[in-house]
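Heads up, the thing below is written out as structure tokens.
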Amino acid sequence: MSKKNLRQFGFILILFTSASVAQETVNKLPPSIQTFGEAVVTVQPDRARIDVGVVTQANTSQAAVSQNAQKLEATLARLRQLLGANADIKTVSYSLTPNYRYPREGGEPSITGYTATNIVRVTLDDLTKVGSVIDTASQAGANRIQSLQFTLKDEQTAQAQALREAAAKARRKADALAAALNVGIVRILSAVESGSPVIPVRDVAFARAEAAAQTPIEPGTIEIRAQVVLTVEIR
């Protein structure tokens with residue numbers, strides 16, 4: 001037999017062996033059915049995160065930074081008066097960027113000034129104060145309300161409830177299928193879960209409050225979703 005024929009024979013033998021192993025693996029798997037369960041748990045948020053900040057522009061970088069610091073310090077002082085000295089406030093971003101003018105006829109752009117941006121995140125559990133935080137920050141000099149997010153302090157409890165409901169739905173479907181097929185369920189082979197909370201994030205466009213009325217805020221609800229894929233052995 002030529003070397004070419006030997007190579008072809010070896011390749012065929014490998015394919016045959018691989019197919020035999022795969023078939024043997026399939027044959028070893030017990031008969032089973034697979035079902036899917038999904039659940040949604042709706043809960044009220046009990047925590048809010050508000051990103052507020054100050055954006056300043058000036059001819060020089062030093063002036064932009066200095067003006068920004070003054071306005072942000074005034075904003076932080078007013079927020080601490082509202083929320084207390086131990087208010088949960090932290091910096092989340094800071095930037096200093098040049099402003100360019102681009103010639104109409106083309107060519108190199110020139111720097112016309114600088115923009116300083118400082119964003120802080122206010123976290124609070126009293127949702128009745130969300131509107132007051134926005135109004136207080138804007139009245140103190142903040143000119144950017146970057147985002148407003150409602151969350152949960154204890155996300156795991158709601159997630160566990162959603163998983164229990166999803167698993168129960170998957171098991172009920174498995175029982176119904178087994179009964180319809182006139183077979184019995186021997187044991188659970190696997191249960192695979194997935195899912196994450198769907199948290200509404202609201203981007204708030206800044207508008208300086210001219211009137212004394214408080215900014216109305218409606219937290220709404222949070223949906224916690226969970227999915228479970230259940231595989232059971234039958235006989």
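The values are calculated or read from the model by the stated rules, or taken from the named source; none is laboratory data. Since this is a predicted model, take the numbers as computed values, not measurements. A quick note on method: Cβ atoms are made from the backbone with ideal geometry, for glycine too, and the neighbour counts reach across all protein chains shown.
Can you tell me which residue within region 48-62, out of those that are among the small types (Gly, Ala, Ser) and assigned to a strand (DSSP E or B), is farthest from Gly131 (Cα to Cα)?
So, considering only residues that are among the small types (Gly, Ala, Ser) and assigned to a strand (DSSP E or B), the one farthest from Gly131 (Cα to Cα) is Ala58.
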Would you call Glu165 of a type outside the set (S, T, N, Q), free of Cβ contacts under 8 Å to residues at least 40 places away in the same chain, surrounded by 14 or more Cβ atoms within 10 Å (Cβ to Cβ) and touching a strand residue (DSSP E or B) at 6+ places or on another chain (Cβ under 7 Å)?
no
Restricting attention to region 39-49, does a residue exist that is under 25 Å from Ser147 (Cα atoms) and touching a Gly at 6+ places or on another chain (Cβ under 8 Å)?
yes
Could you say which residue among Pro45, Pro103, Pro30 is assigned to a loop (DSSP other than H, G, I, E, B), in contact (Cβ under 8 Å) with a residue 40 or more places away in the chain and over 30 Å from Thr231 (Cβ atoms)?
Pro45
Of the residues in region 75-134, those that are of a type in the set (Ser, Thr, Tyr), surrounded by 15 or more Cβ atoms within 10 Å (Cβ to Cβ) and within 30 Å of Thr60 (Cβ to Cβ) come to Thr75, Tyr114, Thr115, Thr117
Which one is nearest to the chain's Cα centre (by Cα), of the residues in region 167-186 that are under 12 Å from Leu230 (Cα atoms) and not aliphatic (A, V, I, L, M)?
Lys169
Selection from region 202-235 of residues at pLDDT 60 or above, hydrophobic (A, V, I, L, M, F, W, C) and surrounded by 13 or more Cβ atoms within 10 Å (Cβ to Cβ) yields Ile217, Ile222, Ile224, Ala226, Val228, Val229, Leu230, Val232, Ile234
Inter-residue pairs, beta-carbon under 7 Å, first farther than 12 Å from Val228 by Cα and in region 187-199, second modelled with pLDDT under 75, 6+ apart
none
Checking Phe36 against (1) in the same structural domain as Pro219 (by TED's automatic domain parsing); (2) surrounded by 15 or more Cβ atoms within 10 Å (Cβ to Cβ), only one condition comes out false. Which one?
(2)
